[in-house]
1. Within segment C:340-356, which residues are within 11 Å of another protein chain (Cβ to nearest Cβ) and either surrounded by fewer than 18 Cβ atoms within 10 Å (Cβ to Cβ) or of a type in the set (S, T, N, Q) (or both)?
2. Would you be able to say whether some residue in segment C:437-448 is closer than 30 Å to B:Ala150 by Cα, within 21 Å of the chain's Cα centre (by Cα) and in the same structural domain as C:Ile364 (by TED's automatic domain parsing)?
3. Among C:Ile247, C:Ile271, which is β-branched (Val, Ile, Thr), more than 30 Å from C:Val340 (Cα to Cα), modelled with pLDDT of 80 or more and crowded, with 24+ Cβ neighbours inside 10 Å?
4. Residues that are modelled with pLDDT of 85 or more and away from chain A (no Cβ under 14 Å): which helices (runs of 4 or more DSSP H) entirely in segment B:136-214 hold 2 or more of them?
5. Quickly run through segment D:110-142 and pick out the residues that are away from chain A (no Cβ under 12 Å) and part of a loop (DSSP other than H, G, I, E, B).
6. Look through C:Phe451, C:Phe368, C:Phe399 and report the one residue that is assigned to a helix (DSSP H, G or I), farther than 20 Å from C:Phe74 by Cα and either touching a helix residue (DSSP H, G or I) at 6+ places or on another chain (Cβ under 7 Å) or not aromatic (Phe, Trp, Tyr) (or both).
7. Being modelled with pLDDT of 85 or more and buried (at least 22 other Cβ atoms within 10 Å of the Cβ) narrows it down to one residue among B:Val87, B:Val79; which is it?
8. Given the criteria touching a Gly at 6+ places or on another chain (Cβ under 9 Å) and at pLDDT 85 or above, does C:Ala162 qualify?
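The values are calculated or read from the model by the stated rules, or taken from the named source; none is laboratory data. All figures in this text were calculated on a predicted structure; none of them were measured in a lab. Positions of Cβ are generated from backbone atoms using ideal geometry, with glycine treated the same way; all protein chains shown enter the neighbour counts.
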Amino acid sequence: MYNDKEASKIVDIIKNFARKHSLWIVAYGTGCGAIELPPTMTSRYDAERFGIRGSATPRQADVLLITGYLSVKTLKRVIRTYEQMQEPKYVIGFGSCTINGGMYWDSYNTIKALDRYLPVDVYINGCMPRPEAVISGFIKLQELIAQGKADGAKRYQENLEWYRENQRKVIKNWRMPEYNW
Amino acid sequence: MEINWSTILGIIFTPIIAFIVGVTYGGLTRVITARVQNRYGPPIFQNLLDIIKLYSKESNINHGVMQHLGPVFAITASVTTLFFVPVIKDSTVFTNFSFHGDLIFLLYIMVFGSLGMALGAGQTGNPNSAIGVSRGLSQLVGYEVPFVMALVAIMIQFQTTNLNDLLAVQDHFTKWIIFQSPFAFLAAILAFLGMMGYAPFDVVIAPAEIASGPPSEFGGKYLGLMLTSRSIFTFAKLVLFTDIFLGGASDFITLLIKTFILYMIPVLTGIVFPRYRTEQSIRFFWSWPLFFGIIAILVVVF
Amino acid sequence: MNSIEYILFITFIGAGLTFIVHHALPKLRDTLAILVSALDLYFVIQAISEKSKVVLSIADFHLIWKTTPYNNLFAVLIAVLGFLTILYAHDFMSSKDRLGYFYMNFLFALGGMYGIVYSQDFISLFFFWEIMTWASFLLVIYCCKDAQPIGLKYFVFSAIGAYSLLIAIVMLYSLSGNLELTNLISNFSNFSVSNQLIVVTLLLLGFGVKSAIMPLHVWAPGAYFISPSPFTALFSGALSKMGIFGIGLVLFKFAAQSGYFSYVQIILAWIGGITALLATFYAIFQTDAKKLLAYSSIGQLGYIIIGLAIGTPLSIASALFLTILHAAFKAMLFMATGAVYFRTGTTDMNSVSGLIRKMPFSFITALFGIITVSGVPPLGGFAAKWMLYESLIQSRHYFLVIVVFAASTAAFLYLYRFIFSLFLGQEEKEWEDVKEAPLLMVIPMLILSAFVLVVGVFPGLILDPISQSMNYLGNFNFNYETSVLFNEWGNQVDMQTVVNTIGAVFLIVGLIITFKGFKKTRYVSTKDIHTSGEIPQENENLTYAVDFYKPFERAIAPILKSSIDKIYTGIANNLEQAFDYLRYVYTGNGQTYAMYVVFFLSLLILFAELIFGINL
Amino acid sequence: MDKDFINENKTIEEIKNTFHSAEAKLQRKNRIIVKLRSDLIPPFLSYAKNYLSFDHLAHFSCVDWIEDNQFELVYILYSYEKNIIAIVKTRIDREKAEFVTVKHLWRQAETFEREFHEMYGINFTGNNRLTEFILEDWDDIPPMRRDFDTMQYSKENFYTRPGREDAQDVREVITKKSGEKIPDFAKEFSVRKLK
């Protein structure tokens, strides 16, 4: 017989298995990365093999894709979208723009490091990453989920003040609803 | 009080079987769609994984009591529909309560879920949900009319409104109602396309247009419950159609074969067709299906 | 004095007294009205067991009031609804003026209805009919100046109905020399066929106006819309049922004896069917909740008329069942709308939204109401709809059943729109301070909600008196148990099993979904919705309410091209040109409608005298 | 040559006759350039639209001439009838950046003017829609002005991830790998050189 701890461990394994193999993405089509998604999803690369599927609204989604550079104006909406998602939720940053600003490194209106503002679980580098890279990024995310390491949502909750401080520094006129989990 | 074990067994196992079959069929749809589009496609149990994942979501939100209860209404309707349909012919376990209800009751209980769901979607306050509901209800009026015509033709022809009596009539495959009254079948199967909500009649949940419509504010356990309900309801509708037109099934293998064939009709139609606008789909339902329905009734009369 | 005398006496005296004490003792006035209606309820129930009978002889005429099972059914309906609406009116009308006028007319209308249902001769029936019509007319024009044209419309159509009744009564008297109902019924088969037909048509016309069947419905939407909500509930719930009462009487006591009965049945059934369908379509596109309910009311009366016209035991049972149920659910819906009006001051569905959390009881009432109207299983509406469909199918009215089904499916549209626009959707800042209606308004709504729930599980409770009154109407027997309905082929629906199944599944799943992750489930406001990341501001209203059914409208546009009102206006305009000189006599806005009365009367007299040679 | 551009020259002639101070000249086939004093712009545009049949405001742009302390507004008009593009240029004071709206002539001008208001800080009198347009909550000097240092702003406001300090020139890296030579004119624009 299993004791409680082991039983809950088994439940966790089942949960993580399901989460791993069912990633519903809400693709926030910023920048040029959005155009890499159609080939990723369609016949050639067929991301649905891995249980990756588009979802229409953040309420239903698990993964938030940031597909390119984020202007400050868009960042506000992205934060809102992220906060509307249900836990557990993951963020994947696409391309060098989300990592270090990419070719927009000196722009007056785009942020240069996404993980200062949202807890990124996986970065996919490239400018833009090709569908193979995108899929490999998703597989990396799946590995993290299976190991229980994809804890972006938890990080966000715990360090909410730090994230908020960064967000407020960029977004001048802060008119956002409270995020009180 | 005497305990009727076969009833209890039926109550416990029918929804479970319905869920498993419905989920597998849902996964199969995705595989078939993928193959038609020259893709490999997800595993066949993908929908099950999706549902487990949705239930295992840690946080959930709702906008009020009606949104909380909306999916519950939906699953109540699905399971009740299932209980009032004889799943296996002449089986003591899987006939459930089908002697206590009839076709007209089924027609109404099938709408019960949509109405409850619509109320839930309405409370979210999301305009997309309301648009979806508006479209869904309009389309409902469209396909219910030919469906009822087909049922009326059958009810008058066989002088019964109970499914078990209809099953008793179809004791040999030459006596299946699909052969006895083909026009009724045509009208009903075209209405069935609308009932299943696949393309070209999927304007209700148009994901890119109105953000999946009614369920656009549902996530986590609520969405999981909705998908569960949808799986059960799919199976219930398939069994209903099998019972009415294809002579039911006396064992599970036959049931699976018959329901699968029926299920492929909307699925394959859905793969190859684009989407109708709401008024176009209503006009469609009120043209050919209605025509077949009228012929079906006229054939019975004369 | 026996109970019927008490009822009439108390009601009419009470009506006068409320008017008198209005200025002196306003507190007493409301209490008096409630007391009168409560006493009425008591005596109506008393009268059933008493089997009371009153005979008044004036000159040669015998005025008879008597209880029969059929009368009792309607009397109880009126009494219960009258009591509840007056209870409801106490708070609803508290801020209005001219309340003496309101209560007096309200009680007069009630008294008129009691008189109608108990009277066993045509003189008293006509007398009370006129009292009821006048009282209701005065209440229609109660509110404001806008009510004037609507009131005139109502008056003109009521006058048409009353004149046809009067002519029919005169004809009956000239043919048989008697106006007692029992005598007339036994003599009716002696009349010539053409006389029978004329009498039946005229009577149906007279009663049909009150029940707003399709070509005569023009007055109804406006009158329901403009009259104060407590009275609208009574108007639609009980007053319009007087037409049904009369039609039932005419069909099964008179017309059934004539050779043309089957034709009358078919024509009436189809009129009912078309009424149901078109009224439903009109209801879908209304933007005002009360107007929507008014059209819905017309449609529901269409079903009742179909049920009566088909004339099989099951169909009559369904019609009478629906009569009672319609009184309940339409009163519920009008009361819920009235509660919204009481708190927000409007019933415009485009401007009110998201009241569910503020007015939970009104919402529950409205929810029960719409579930009952739509006929979805657990509540009472299903039994009525089920019996109607079964009887239509079994009496082989193939296409009528399709029409009825289309109408009742389309009814989902307006019902959803009604509840969505008022109670669901975005919670707006404008209605932030709205509270639940006062207790005295909520109680009647909840009583009626409980009633439809109980009737849903145990339709047999209502079917008992219905089958008794059907035995009075003719030899109609049908099979039912307390919670099981049977059709003529022996198929059944066991409401007990249905309700148990639905209840059990609902409870189990509901509990599971509530307690699964209960801590991490939280409520968010309706502003916190997915809008592509955009944050809706406080004053932004995102409710999708205007042109709610545009796609459906586009689909059925060809059917709705011409409205009946337009046809009437067209006729009126043409007549205006033809009889231009009449303009000197009739001046003012209502002249065209008033012209109908004259035209109609002369037509009737000509018709009767010239063609059939009856001396009026 | 004159033969080939009858329409253009005729238009130029008309413009010169009406507006004596206008510098109108032919640029190439189907294209003329008109330079005007800023106070003549409203009457000229009205004249061009109503009498010279320049019905279409194809584009409207702004150039920051910080050296001259001026903004240049460029209206690009098109005549469907004559098939001529007219480029109307005018200069306004940069310090007191104010001009009159032309939205009564072409409705689309309103949107262009909103953009210039936001990006250059030019105030168009008569346009009452000069509200926040593309940028959200911008509180610095308008970003398209040349005195706005975008690099510095970016450094001040946005966190820069370490690792790009060397700011390698892509061309240099590529040429180093492939052994190609950078052309001289390209060297001028190299990041390293700027440093």
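1. Within segment C:340-356, C:Ser353 is the sole residue that qualifies.
2. Restricting attention to segment C:437-448, the residues satisfying the condition of being closer than 30 Å to B:Ala150 by Cα are none.
No, segment C:437-448 has no match at all.
3. Values: C:Ile271 fails: crowded, with 24+ Cβ neighbours inside 10 Å.
Answer to the selection: C:Ile247.
4. Numbers: elements: B:163-169, B:177-180, B:182-196, B:207-210.
The qualifying helices (runs of 4 or more DSSP H) are B:182-196.
5. Correct list: D:Tyr120, D:Gly121, D:Ile122, D:Gly126, D:Asn127, D:Asn128, D:Arg129, D:Leu130, D:Thr131.
6. On the way: C:Phe451 fails: farther than 20 Å from C:Phe74 by Cα; C:Phe399 fails: either touching a helix residue (DSSP H, G or I) at 6+ places or on another chain (Cβ under 7 Å) or not aromatic (Phe, Trp, Tyr) (or both).
Within the list C:Phe451, C:Phe368, C:Phe399, the selection yields C:Phe368.
7. Numbers: B:Val87 fails: modelled with pLDDT of 85 or more.
Answer to the selection: B:Val79.
8. Details: touching a Gly at 6+ places or on another chain (Cβ under 9 Å): yes; at pLDDT 85 or above: yes.
So C:Ala162 fits the description; yes.
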